[in-house]
Amino acid sequence: MTNQRRGRGGILGWSVVGAVGGWLVYSALGIDHNVPLPPAIPAEQKRYNNREAGFLSYYVDTSGSGTPLVLIHSINAAGSAYEMRPIFEHYRGKRPVYALDLPGFGFSERANRVFSPTLYAQAIITLLEKIGEPADVIALSLGGEFAAMAAHQRPDLVHSLTLISPTGFSARQNSMSSQNARQSNVSDNIHRVLSVPLWGQALYDLLGTRQSIQFFLAKNFEGQTDVGLNEYAYLTTHQGGARHAPLYFVSGQLFTPTIRHDVYEKLTQPVLVIYDRDPNVRFDMLPMMLENHTNWHATRVAPTKGLPQFEQMQGVADALDDFWSATAL
């Protein structure tokens, strides 16, 4: 019996080795990492250079008038400005609207460099400087941490800040694994392992399969996932250099464990949080923030699970319009 078990174990082990080896070969030779990528938003695209992040791309529609609106997408394995498309489409023609492709995503440079919260905040600041007047900024999930850092560093450039399903309010015991890695100071080692050329691309390709994208996106929708977002997520993961920034995210290096104390609590602009339920973050500390800081406000747009702009855009727009009306100078 023991020999039979050993035999089965050996067969299973070699099967696993064969499967892993097969995927490594398929990733290197069978997957197209340069598929055609259409614009995430049907609008004019422009570029600017950032010293730390290289060239950066953004979508713009200046046919409207009033306070500029700047949209910042989230960070994940398949992040893109498409995540902010419903908001862009709703407000284009009503006011100037800008949607940034963050460094390492979309049509922005995807070179193999060190990605950090500071790099992302500086990229946002550079765009705000180009706009040249204070803007209302809306940022999604982890993108909210970077936008808040930009608002804290350059309050003259940010009129108001809206955070949709923001990170940074989870009690530590409820944080997801990548955030805990950052808090536990092991993210450098995790990234070092994940980014080994031999298997780094293959690992990322697993995250970029249609099945994986559909699985993770479905967690963020109360109903059916948005077909356009689903397809664009697949296309944007199949670009040269697409893995570099997401692997920093997966290893936890893009989170700032002290963001609430160091940045959120020090913001002087009006801040709105739009939230409901989210599979990746919790809002344990949000009530305390609202109680202790009068410039912070919150609106629950339900039922949603992290991407309310796709399922409840009118509810999001109502919350935004009420917020901006109340904080208008």
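Summary of computed values
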quantity: Flag for Tyr234 being within 27 Å of Thr67 (Cβ to Cβ) and of a type in the set (Phe, Trp, Tyr); calculated: no
quantity: Test result for Glu52, among the acidic types (Asp, Glu) and under 26 Å from His159 (Cα atoms); calculated: yes
quantity: Test: residue in segment 267-277 that is modelled with pLDDT of 95 or more, more than 23 Å from Leu157 (Cβ to Cβ) and among the hydrophobic types (A, V, I, L, M, F, W, C); calculated: no
quantity: Segment 122-148 - residue that is surrounded by fewer than 23 Cβ atoms within 10 Å (Cβ to Cβ) and out of contact with any strand residue (DSSP E or B) (no Cβ under 8 Å at 6 or more places or on another chain) and, of those, farthest from Arg51 (Cα to Cα); calculated: Glu133
quantity: Residue in segment 195-202 that is modelled with pLDDT of 85 or more and part of a helix (DSSP H, G or I) present; calculated: no
quantity: Count of segment 91-107 residues which are touching a strand residue (DSSP E or B) at 6+ places or on another chain (Cβ under 9 Å), small (Gly, Ala, Ser) and surrounded by 24 or more Cβ atoms within 10 Å (Cβ to Cβ); calculated: 2
quantity: Segment 243-292, subset closer than 20 Å to Gly79 by Cα and without any contact (Cβ under 8 Å) to a residue 60 or more places away in the chain, residue least open to solvent (accessible area, probe 1.4 Å); calculated: Leu247
quantity: Of the criteria (1) buried (at least 19 other Cβ atoms within 10 Å of the Cβ); (2) within 26 Å of Phe88 (Cα to Cα), which one Gln314 fails; calculated: (1)
quantity: Residue ID - modelled with the highest pLDDT, chosen from residues in segment 224-237 that are open to solvent by 30 Å² or more (accessible area, probe 1.4 Å) and not in a helix (DSSP H, G or I); calculated: Asp226
quantity: Which listed residue, of Gln214, Gln253, Gln239, is in contact with a His (Cβ under 9 Å, 6 or more places away or on another chain) and closer than 22 Å to Ile164 by Cα; calculated: Gln253
quantity: Odd one out for Trp296, checked against (1) more than 15 Å from the chain's Cα centre (by Cα); (2) open to solvent by less than 20 Å² (accessible area, probe 1.4 Å); (3) in contact (Cβ under 8 Å) with a residue 40 or more places away in the chain; calculated: (3)
quantity: Selection status of Gly240, open to solvent by 20 Å² or more (accessible area, probe 1.4 Å), among the small types (Gly, Ala, Ser) and within 19 Å of Gly106 (Cβ to Cβ); calculated: yes
quantity: Residue tally, condition at pLDDT 95 or above, out of contact with any strand residue (DSSP E or B) (no Cβ under 7 Å at 6 or more places or on another chain) and open to solvent by 10 Å² or more (accessible area, probe 1.4 Å), over segment 158-180; calculated: 1
quantity: Subset of segment 303-329 (residues that are outside any helix (DSSP H, G or I) and touching a Phe, Trp or Tyr at 6+ places or on another chain (Cβ under 9 Å)); calculated: Thr304, Lys305, Gly306, Leu307
quantity: Identity of the residue in segment 65-90, free of Cβ contacts under 8 Å to residues at least 60 places away in the same chain and open to solvent by less than 10 Å² (accessible area, probe 1.4 Å), that ends up farthest from Pro166 (Cα to Cα); calculated: Phe88
quantity: Qualifying residue in segment 86-107 (condition: charged (D, E, K, R), touching a Ser or Thr at 6+ places or on another chain (Cβ under 7 Å) and closer than 25 Å to Gly252 by Cα); calculated: yes
quantity: So Phe221, is it buried (at least 21 other Cβ atoms within 10 Å of the Cβ), part of a loop (DSSP other than H, G, I, E, B), of a type outside the set (Gly, Ala, Ser) and at pLDDT 95 or above; calculated: no
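The values are calculated or read from the model by the stated rules, or taken from the named source; none is laboratory data. Remember, predicted model here, so these are calculated numbers, not experimental data. So basically every Cβ, Gly included, is an ideal-geometry build from the backbone, and we count neighbours across all protein chains shown. Heavy atoms of the whole protein, side chains included, go into the accessibility calculation; ligands, DNA and RNA do not. Shrake-Rupley method; radii C 1.70, N 1.55, O 1.52, S 1.80 Å.
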